[in-house]
Structures are given as C-alpha cells and as structure tokens.
Amino acid sequence: MNKKALIFISFLLIFSSAIAQKPPKLTTNQIYEKVQKLNFLGSALYVAAHPDDENTRLIAYLANNVKARTAYLSLTRGDGGQNLIGPEIRELLGVIRTQELLAARGVDGGEQRFSRANDFGYSKHPEETFNIWDKDKVLSDVVWAIRKFKPDVIINRFNHRTPGTTHGHHTASAMLSVDAFDLAADKTKYPEQLKYTETWQPNRLFFNTSWWFYGSRENFEKADKSKMLNFDIGVYYPLKGVSNNELASIASSQHLCQGFGRLTTRGSQTEWVEFLKGEFPKDKKDLFSGINTTWNRVKGGGAIGDILYDVEKNFDFVNPSKHLPSLLKAYALIDKLKDEHWKAIKSEEIKEIIEACSGLYLEASAKTSSSTPNASVKVDFEVLNRSSVSMDLTSIEWLPANKTVAKDIDLLANKRQNFTEDLSLAGIGYSDPYWLKDKWGLGMYTVKNQELIGKPETPRPVQVKFNLMIEDTPISFTKNVVRRYSQRDKGEIYEPFEVLPKVTTKLKDKVIIFSDDNTKKIAVEVRSGEANIQGNVALQVPEGWTVTPNQASFTIEQKGDKRVVDFTVSPPKGQSEGYIKAVATIDNATFDKELIEINYSHIPKQSVLMPSKAKIVRLDIRKEGKSIGYIQGSGDAVPESLRQIGYTVTEVSPESINENSLGGFDAVVVGIRAYNTKKVLQFKQKHLLEYVKNGGNVIVQYNTNRRVDVKAPYTLKLSRDRVTDEHAKVTMLAKDHGVLNYPNKIEANDFEGWVQERGLYFPNNWSSEYEPILAMNDKGESAKKGSLLVAKYGKGNYIYTGLSFFRELPAGVPGAYKLFANLLSLKENEIK
C-alpha cells in the first residue's frame, strides 16, 4: 500500500472516530496544520438556509487552504425535509440533520451555527417565508451570529436580488445577511445582545455565484465579472493525501438522510464570488486581501507571532514534543492578551496543539450512559502523559458545579493514572436539544437563553476541567464526561453522557383513529431512568372522551426497564379531535415527556425528550377491502396510519415481488420516493402492472423528478410542480368520480387542517388515459391539476398522487384519511 493511501485511510479513520465521539488522536501532519491555522487570525462566515445548502468546497478551501476560521450559518435545521434513512420527520429530522451538519464540519474543518427559524417546508417566495418566520427575530439571530463570530468576510450562498426564482428560504437567508452586514455594527439595533458581546462590522460581503444562477454556462461567460473574484478550489493537500474537492465531497456525503452520498471528485475547479458590500479586496485571488490576518492584528501579538511562526517554520514531524517549551511560552502570552475575542479562540487552539504534542490523554467516562438530576454517578478517569515533559495533575474540577478535587499526581512518561470519583448531578437540568425544550410554533423555535441561540447543540451537561502544571506553566483542559464501553461485535464505543428524567412515558401510536363508537385499549409504556422507582401513571383526555382507570400504579426495579399499563378510552358520539397525554407522578412530581433515542452509525446517539402525547380522532369513515400491501420507499408512517383505521397492512419487500405475490391484496400502495430509492422496482414493475390489469388497485405516492421513471402504464411525466400553501383552495375537477364519492363523500372541508403543504412533485404531463381529480395552486400561480391522477388499466386502477399523505396521515388529518380510504376502495367501485 502506498504512502498516499495510508495517509488517506488514516484521515478517514480519524474522521470516523470523531463521529463516534472518540477523542481525536492527531497525527503530526494534523498537528502541523493546526499550527498553521493558529497563525492565521481571520474569519469567514458562510450563510444559507438549510443543511446541505452549504458549498462544502468553499468552506473546505477557506478552512484548509486559507487557514481561516470558517463557519456555516444555516438558518434552519432542515426540519421540513424528507428522510431517506428512517421514519423521523419534522423536529426529529431536524435533530438528525443538525448532527449531519456537525459531521460535515468535522470533515471540512468548519464550525456550525443556526438561527431559531423553523424549516416549515418548501416556500416559493421570501414574502411567504417572512409571513411564517418572525423576520425580526431571525434577523436578530443573524446579527447575533455576526457579533459573536466576528467574521471579516461573509459569503452568501444565494442571490438576494432574485426573489421567486428559488426556495423562499434560500433568498430570505441572503436578504437577511445583506441587512445584518450593516446592522451588526449599530449599537442601537438589538441592544439586549450587547450584554454578552460587542458590535462588529465585517469587512466585506460576497455572493457565491456560478453559471447556475445565470441560467447557462454561455450566459455566465458573457456576464460582467469586474466585481467577481475566482480561485481554484481543487488544490491538493499533500499532508492529507486528498484534494480540497475530495474533502468537500466527503463532507457533503454526511447528509445521508437527504441522499447526498456521492463520489469524490478531483482536479482543478474554479469557484466564483461576487462582491456586494464593504471594502473591495486589493487582490482578486484573495478574499482576505487588505485584512491583517497576522499576529500583529492584536495588541501584544507580535511577540506571540515571533514564537509561533518559528514553530511552524521548523516543525519537527518526528518529535513534536520538542516544541512544547515554545508553545507553553506562547500560551502564557496569549493568556495575557487584552483582546478577549482572539484570546479565547487562540487559547483553545494552542491548548489542543500542546495536548497533541505531549501525547496527553485525558478521559472522564461515566459508569452509565445516563443519569437523572440530583443523582450521583461514578466516573472513571484516565490520565496519561506520553512525552518526557515534566507534568503534574494538580486537581480536577466539575463543571458547571465548580467543585474542585485536589490530586497532585506526578504524570510520569507513559505511566497511566486511573482513579474513580463520585459526581453529583445536583441542580443539573436535562441534556436534550435546547430548542425543543419550550413550546414552538410553525415558523420559530422558542429559545429564552440568549447565549444558547445559534449553538448547534445543547452544551454537554457535565464537564471536567483537568488542571495541570506542565513545565511550571499552569494549564487546564476541559473534557466532556462520556460513556466508554465495548461490545463484542462492535468493539470500543463512545456515547454522550446524558441527564434524563426519572421516568418517561410513551404512547406507541402518535395518531389514534376511532372509526366508530367502539372503545380502544391504549397502552402506555413507562420507562425508568433510575433503579427502584414507583409511582402512578394517568391518561389525560379531551372533553367528551372517557378513560378507565383514572390512574394506575407502577413499580420498576431496574434502570432502563419498562412497564406497560393499559387504559380503555371511549370516544364521543360525533366527530372529535384532540390530544391525549400520558403523565407519570412520583412523589408529587409529574413527568410528561417521551424519550426518543436516535441511533445511526454516522452520527452520535441522540436522546430527545418530546411531549408524551398522541392525537386522537373520532372519525366517521367507511372503507372497502381489508388487506393492503405496502412497498416502502424512503420510509414513512403511512402503514401504521392505515392500521389505525382497521386495515391489515403487510409491508412488501420489493425484492420479494413476483407474479404470484400480490394477488391476495385488496390494494397495493407504493411508498414515497420508492422509485428514487428502490432501483429493483424497475425490474418488478411488470408484476405490479399485471396485478392492476387483473383487477388490482395500485396507489403510487410521490417521487422526485430527478432522473427517475415510475414506469406508469401510460405516459406520465413528473415535474417540480408543488403547492406549498397547506390552506390553498382545492377544486374538485371530477365531482362524480368514485374517488370523491365512495365510500366517503369528499367535500371542501376535508382539505382543512392539512399541514406543511398540499403536495409536491406533481406530474405536469400525462396521456388521456388519466383523469385529473383535483386542481389547486399557490397564490399568483396557475392551477396545478396533477396532484391526483387515476387511470383504468385492464380491470384495475392505477393511481398516481403527489398529495402529501405521508405528512397528513401521521398528523391525524381526518379528510386525508377519508380520501385515502376512497383510493384504497376504488377497485370495489366502477369509475363513473
């Protein structure tokens, strides 16, 4: 194996370790790169709207070639997107996409920031976006990000001058950035922020343009480029063994839930930015031209630079510990800087270098992966000095409790020191995502703590500060308490240590449909967060509903164990909607949260606390048929929803489909994006169409129009047509069609209460065999008639729909259930 391959494999292994929460173990190449970065005092902020909007090529270039401190400000966490790897949508999807962004930054070298804006789904115009977001609050968050990060350079991903040509969130992000560029320096704007930071004026603002924004490469060639800068972002990094565009591809591929896995690319590649505001750079090949990015930028920095430039120039790749005396001297000088901003940044950077050069290993591992507030947890410590430098552990300090434990341990070369301490969690709150702690709305999250706004995740609940004396220099390193353990089939595992409730409750189904007057048994799962707990659990129901018993007791001896308690719920006579809540009581304290654990291999395990509730609906609904076959695509909760109204749903693997496998179903439903994600379906389509020809009923839900053929029986072309206004008027084009009349009469009020959108990726071209059932449109647009198309094929019916049933059914929208039941029942009724 050649040296380049070994370096690249080493890079991937280190990156994988970072994702799994393992402590970084830097090679000397990486230490040297961090020294280079330490000697660059300049910052760049990249601004866009969603996870995966960011240009990882440019972020990687700035962070690794320029060596600038670089961050991506994503206004949202991507809560409104779809999920290709699992069933999580909305807020839980936002948690996943947050971690995927952090994973991407772990590769390209950037940092991550957010605003409080909630991704409510696709928006066609920034006017619509600002009607749902609180524009002033989001603008204040952009100003806050600028004042806290203090970028010299800001780069917008999108064009603020072309509203209506792309996603409204996209244009909105650029418009807010342009406004915030000036407002961040105005002390009269958002003065409440100045308790925690200072005003800041960035030097220059750019738009990251390309031929795409001009419609074609030819148009871009003709464009005036007098205000544009360009540079080659395909540079090769010998110390990494990869090029910048390879690095960027790996970073972008972390967005797995959005299907961004991709091949790496190599070679020269030109990136363009257009100057918008501020001071135009003197050198059009250098974004930071004319900005002092040396140590002389800060008062007292010259002496620090004299030391650190020499370390960089004469770096010893074989024995980096020889630089420790110089690094410690520079650290002491940095600690005396009056510029608090650069002092904080560079202190952390140089401490990481000192730690790596000395081979210092510091770990605080809890005996368990979680505990509860006010409990006590045992923590195992490991401290190891792998250099010949004189080093002592003087004390450890619990944070945030600020409790100090004296140690006075001489850290001899390569002699591991282990000890155990009891950690009190008194006064420490839950460690779940901070933006989900308070009730939120359609467009905004509620975050009451100003200092939390913009942080990518909740600060770890417990940290340990290791206070050391290295060669007569006092220095401290702060580490998160983690949980380290091993499994025989997985090896060593690191997980975040969490603080969670004593008890959580869970209602299995998030929507419970009562299709008649009969009672239903509803199970509540009670999970213990600590050993030996007992209490009561009750169901709170809306007015008009009844539940028995009023409450039930539970006792759980083992932490993590569960008990299931059954309740009987009776619906009212007429149609009704509301929420039931599961509430546990222990010693007069109430617990009304559900613990949701998200555990994918490419991100750290996430523990999310959500309200323990479910929507209940008393719905007068009729249906024909009983047995439904469901072919999952990218994953959705439609099968569970159909079971709620009495269908027997069998999930069918595409690989198992043959000429005999579908005959027993009354209808077959194809899940969202199935033709995008299940390539085998193209070989199984003949069996689906044969099933229809023989009298079956197939319902195909939406697919994206990117390089996909749903192989419909007649001409059907997908588009990007969509109706994003969930309140948009719906016109019934085929009023006498069975799908609107049997077995349920579909009326205008059945389209009330829809969430996020009407539908997406509608066909815009189809042959005469299809009959369009509905028409709808967003404000100012022509009617879209492709949301629901029905065609006879042989003895059966082929139905294609872009209506967002995958959102409406899990949200318990009554009209969506009635319409879907009609689709499933259609083969029992002749089309009129």
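Within region 64-95, being under 20 Å from Ser601 (Cα atoms) and assigned to a helix (DSSP H, G or I) holds for Glu91, Leu92, Leu93, Gly94, Val95. Does at least one position in region 810-824 carry a residue that is of a type in the set (A, V, I, L, M, F, W, C), closer than 22 Å to Lys717 by Cβ and out of contact with any Gly (no Cβ under 7 Å at 6 or more places or on another chain)? So far as region 810-824 goes, yes, one or more of its residues are of a type in the set (A, V, I, L, M, F, W, C), closer than 22 Å to Lys717 by Cβ and out of contact with any Gly (no Cβ under 7 Å at 6 or more places or on another chain).
Residues that are over 18 Å from Thr293 (Cβ atoms), within 28 Å of the chain's Cα centre (by Cα) and in a helix (DSSP H, G or I) within region 31-63 comprise Thr56, Arg57, Ala60, listed in sequence order. So is Asn414 at positive phi and within 37 Å of the chain's Cα centre (by Cα) or not? It is false that Asn414 is at positive phi and within 37 Å of the chain's Cα centre (by Cα). Annotation: Leu84 fulfils all but one of (1) surrounded by fewer than 20 Cβ atoms within 10 Å (Cβ to Cβ); (2) at pLDDT 95 or above; the unmet one is (2). Being touching a Ser or Thr at 6+ places or on another chain (Cβ under 8 Å) and small (Gly, Ala, Ser): is that true of Ala811 here? No; evaluated as a whole, the condition is false for this residue.
Residues considered: Asn676, Asn749, Asn694. Of these, the only one that is of a type outside the set (D, E, K, R) and touching a helix residue (DSSP H, G or I) at 6+ places or on another chain (Cβ under 8 Å) is Asn749.
Just wondering, is there one or more residues in region 701-708 that are under 24 Å from Tyr793 (Cα atoms), surrounded by 14 or more Cβ atoms within 10 Å (Cβ to Cβ), over 34 Å from the mean Cα position of the chain (by Cα) and assigned by TED's automatic domain parsing to the domain that holds Gly780? No, region 701-708 has no match at all.
Of the helices (runs of 4 or more DSSP H) entirely within region 301-407, those holding at least 3 residues that are at pLDDT 95 or above and among the basic types (Lys, Arg) occupy 340-357. Restricting attention to region 177-205 and to residues that are part of a helix (DSSP H, G or I) and farther than 23 Å from Pro281 by Cα, the residue that is nearest to the chain's Cα centre (by Cα) turns out to be Gln193. When we screen Lys678, Lys745, Lys693, Lys717 for residues that are within 19 Å of Lys792 (Cβ to Cβ) and surrounded by fewer than 23 Cβ atoms within 10 Å (Cβ to Cβ), the only hit is Lys693. Among the residues examined, Asn156 does not qualify as exposed (fewer than 15 other Cβ atoms within 10 Å of the Cβ), within 30 Å of Gln36 (Cβ to Cβ), touching a strand residue (DSSP E or B) at 6+ places or on another chain (Cβ under 7 Å) and in the same structural domain as Gly81 (by TED's automatic domain parsing). Can you tell me which residues in region 498-546 are assigned to a loop (DSSP other than H, G, I, E, B) and either among the hydroxyl-bearing types (Ser, Thr, Tyr) or closer than 20 Å to Val377 by Cα (or both)? Matches in region 498-546: Leu500, Pro501, Lys502, Ser515, Thr519, Gly529, Glu530, Ala531, Asn532. Residue check: Asp52 meets all listed conditions (1) crowded, with 24+ Cβ neighbours inside 10 Å; (2) under 14 Å from His170 (Cα atoms) but one, namely (1).
A single member of Leu308, Leu337 is touching a helix residue (DSSP H, G or I) at 6+ places or on another chain (Cβ under 9 Å), closer than 25 Å to Ser390 by Cα and aliphatic (A, V, I, L, M), and it is Leu308.
Just for region 416-430: of the residues that are surrounded by 12 or more Cβ atoms within 10 Å (Cβ to Cβ) and among the charged types (D, E, K, R), which one is farthest from Gln463 (Cα to Cα)? The residue in question is Arg416.
Of all residues in region 552-583, those satisfying the criterion of being assigned to a loop (DSSP other than H, G, I, E, B) and surrounded by 16 or more Cβ atoms within 10 Å (Cβ to Cβ) are Lys559, Pro571.
Can we say Arg460 is part of a strand (DSSP E or B), under 28 Å from the mean Cα position of the chain (by Cα) and of a type in the set (Lys, Arg)? When the stated conditions are applied, Arg460 does not pass them.
If I filter region 220-233 for residues that are among the basic types (Lys, Arg) and in a helix (DSSP H, G or I), do I get at least one hit? Yes, because at least one residue in region 220-233 is among the basic types (Lys, Arg) and in a helix (DSSP H, G or I).
One line per residue, one yes/no per condition, for (1) touching a residue at least 12 places away in the same chain (Cβ under 8 Å); (2) of a type in the set (S, T, N, Q):
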| position | (1), (2) |
| --- | --- |
| Lys520 | yes, no |
| Gly529 | yes, no |
| Asn532 | yes, yes |
| Val537 | yes, no |
| Val547 | yes, no |
| Glu577 | yes, no |
| Asp587 | yes, no |
| Asn599 | no, yes |
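Any residue in region 570-577 that is closer than 30 Å to Glu363 by Cβ and more than 31 Å from the chain's Cα centre (by Cα)? No: zero hits. Screening the candidates Lys686, Lys711 for the property of being of a type outside the set (Val, Ile, Thr) and under 21 Å from Ser768 (Cα atoms) yields one hit, Lys711. Could we say that Val710 is touching a residue at least 40 places away in the same chain (Cβ under 8 Å), out of contact with any Ser or Thr (no Cβ under 8 Å at 6 or more places or on another chain), of a type in the set (A, V, I, L, M) and not in a loop (DSSP other than H, G, I, E, B) here? No; evaluated as a whole, the condition is false for this residue. Being in a strand (DSSP E or B) and at pLDDT below 95 is true of Tyr494. The single condition from (1) free of Cβ contacts under 8 Å to residues at least 60 places away in the same chain; (2) more than 26 Å from Asp725 (Cβ to Cβ); (3) of a type in the set (A, V, I, L, M) that Ile155 fails is (1). Counting the residues of region 121-166 that are of a type in the set (Asp, Glu), over 30 Å from Lys343 (Cβ atoms) and in a helix (DSSP H, G or I) gives 3. Can you say whether Arg720 is outside any loop (DSSP other than H, G, I, E, B), under 30 Å from the mean Cα position of the chain (by Cα) and modelled with pLDDT under 95, as far as the supplied structure shows? Yes: the conditions hold for Arg720. Condition first: outside the structural domain of Ile396 (by TED's automatic domain parsing) and among the aromatic types (Phe, Trp, Tyr). Can you find one or more residues in region 454-467 that meet it? Within region 454-467, one or more residues are outside the structural domain of Ile396 (by TED's automatic domain parsing) and among the aromatic types (Phe, Trp, Tyr). Of everything in region 517-541 that's of a type outside the set (A, V, I, L, M, F, W, C) and loosely packed, with under 13 Cβ neighbours inside 10 Å, which residue is farthest from Ser369 (Cα to Cα)? Looking at the filtered set, the residue picked out is Asp517. Selection of region 185-197 for residues being loosely packed, with under 14 Cβ neighbours inside 10 Å and of a type outside the set (Phe, Trp, Tyr) yields Asp186, Lys187, Thr188, Pro191, Glu192, Leu194, Lys195.
The values are calculated or read from the model by the stated rules, or taken from the named source; none is laboratory data. Please read these numbers as outputs of a predicted model, since none were measured by experiment. Don't worry about glycine lacking a Cβ; one is built from the backbone with ideal geometry, like all the others, and counts go over all protein chains shown.
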